[in-house]
Amino acid sequence: MKAANMKQSGGGPSRTGIIERFREFLPPCENMISLGEGNTPLVFSPRLSERVGCKLFIKNEGVNPTGSFKDRGMTVAVSRAIDRGARALICASTGNTSASAAAYAARAGIPCAVVLPAGKIATGKLVQAIAHGAKIVAIDGNFDDARRIVRELANEEELALVNSINPDRIAGQKTAAFEIIDQLGDAPDFHLLPVGNAGNITAYWAGYRDFRDRGRSATLPAMLGFQAAGAAPIFHDRVIENPETIASAIRIGNPASWKQARAAVDESKGKIDIVTDEEILSAQSWLAQNEGIFVEPASAAPIAGLLKGAEKFPDGSRVVCTVTGHGLKDPDVVLRKIGKFEPVPAKIDKVRRGLGF
Ligand code: F0G
């Protein structure tokens, strides 16, 4: 299918995408490849607020069309790639970028090539890339190797690179900060999020500054980024050759936007911190069981930071924590913890006993 019918105006869509809502703050898009991304809930979290002693809100990016924040940047990157006449997309990924790129490529009617670290992608994300018809190559290497390879393969005219070193991705991801300011009436005092390739922390900081500079908000938050203890190059200030963590989305040893992330943290008087895999998994269950929000392990990293009291917030502070991807993307992590269910006979008393009533 040729890229066609892409000016999706009119028809009264029930959910508009970020290009339509924030066009004046984004680079120009002639075509609009949208799946209705953005406009995600900012949920007040009573139990987490009580634990932390401040007003805590969760920006739930797992409810985007492909289940992660990547869709915000992808709609802009793919629309502009089509504007420039790209005939295919390419990306390296720990999973979510590939799921999103594959979906938006399908929407645009062009192929998508994906280079992945073999055996390191959560099941749900791989399923998404396959379902959307991506051409997938798994390499015997990690994400940092995959990223190097796609950079060499990509070329501006034909094969558009849609990783977050593409500035259109960062531009689109800034819209999450715009929404938070619109939802709260001003910027929060602190913003927490997981850090992997470091594009998202870069984008949020740019978004907060844009809206402050345009008078849409009065203040700027301190940016607090969380890395997994086994994959924490920015925290340790050195490349990690063999990063390891259960949070496969952020298993990255040499982030592309390292410098920008450092600048965001320094300028905002924030910090980069680390959490262990145990803390991540326990935060993932805590959030699912106490706030009703099921996130993938990487997204639980900042929640883990909150639960272990990594930060002391002044009284009355407003804190926003972005959870970046839906829990269903990585079902194996949860299944591994609970094991198999043994069936019982289909009798009331057996079921009652099974339930422990
Ligand atoms: N959370 C999730 C669920 C992610 O998928 C990623 C990155 C991050 C956090 C970190 O964001 O890289 O902007 O610092 N995933 C990329 C991918 C690397 O390929 O899907 P970042």
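The values are calculated or read from the model by the stated rules, or taken from the named source; none is laboratory data. Every value quoted in this text rests on a predicted model; they were computed, and no experiment measured them. A quick note on method: Cβ atoms are made from the backbone with ideal geometry, for glycine too, and the neighbour counts reach across all protein chains shown. Note: areas computed on protein heavy atoms with side chains; ligands, DNA, RNA excluded. Shrake-Rupley method; radii C 1.70, N 1.55, O 1.52, S 1.80 Å.
Within the stretch 288-305, the residues that satisfy the criterion of being open to solvent by 10 Å² or more (accessible area, probe 1.4 Å) and either in contact with a Lys or Arg (Cβ under 9 Å, 6 or more places away or on another chain) or part of a helix (DSSP H, G or I) (or both) are 288, 289, 290, 291. Selection of the stretch 123-152 for residues being of a type in the set (D, E, K, R) and in a loop (DSSP other than H, G, I, E, B) yields only 140.
Scanning the stretch 292-319 for residues that are closer than 15 Å to residue 44 by Cβ and away from the ligand (no atom under 15 Å from the Cβ) yields a total of 6.
Enumerate the pairs (first residue in the stretch 317-336 and over 17 Å from residue 302 (Cβ atoms) and assigned to a helix (DSSP H, G or I); second residue anywhere and of a type outside the set (Gly, Ala, Ser) and more than 10 Å from the ligand (Cβ to nearest atom)) with beta-carbon separation below 6 Å, excluding pairs fewer than 6 apart on the same chain, so at least 6 apart or on different chains. Every condition considered, the pairs that remain are 332/123. In the set (1) buried (at least 22 other Cβ atoms within 10 Å of the Cβ); (2) outside any strand (DSSP E or B); (3) within 19 Å of the chain's Cα centre (by Cα), residue 206 fails one condition alone, (1).
Restricting 146, 134 to those that are crowded, with 18+ Cβ neighbours inside 10 Å and more than 11 Å from the ligand (Cβ to nearest atom) reduces the list to 134. Count of the stretch 184-200 residues, restricted to those that are more than 6 Å from the ligand (Cβ to nearest atom), assigned to a helix (DSSP H, G or I) and either in contact with a Lys or Arg (Cβ under 6 Å, 6 or more places away or on another chain) or open to solvent by less than 10 Å² (accessible area, probe 1.4 Å) (or both), is 0.
Screening the candidates 111, 65, 46 for the property of being within 15 Å of the chain's Cα centre (by Cα) and surrounded by fewer than 23 Cβ atoms within 10 Å (Cβ to Cβ) yields one hit, 65.
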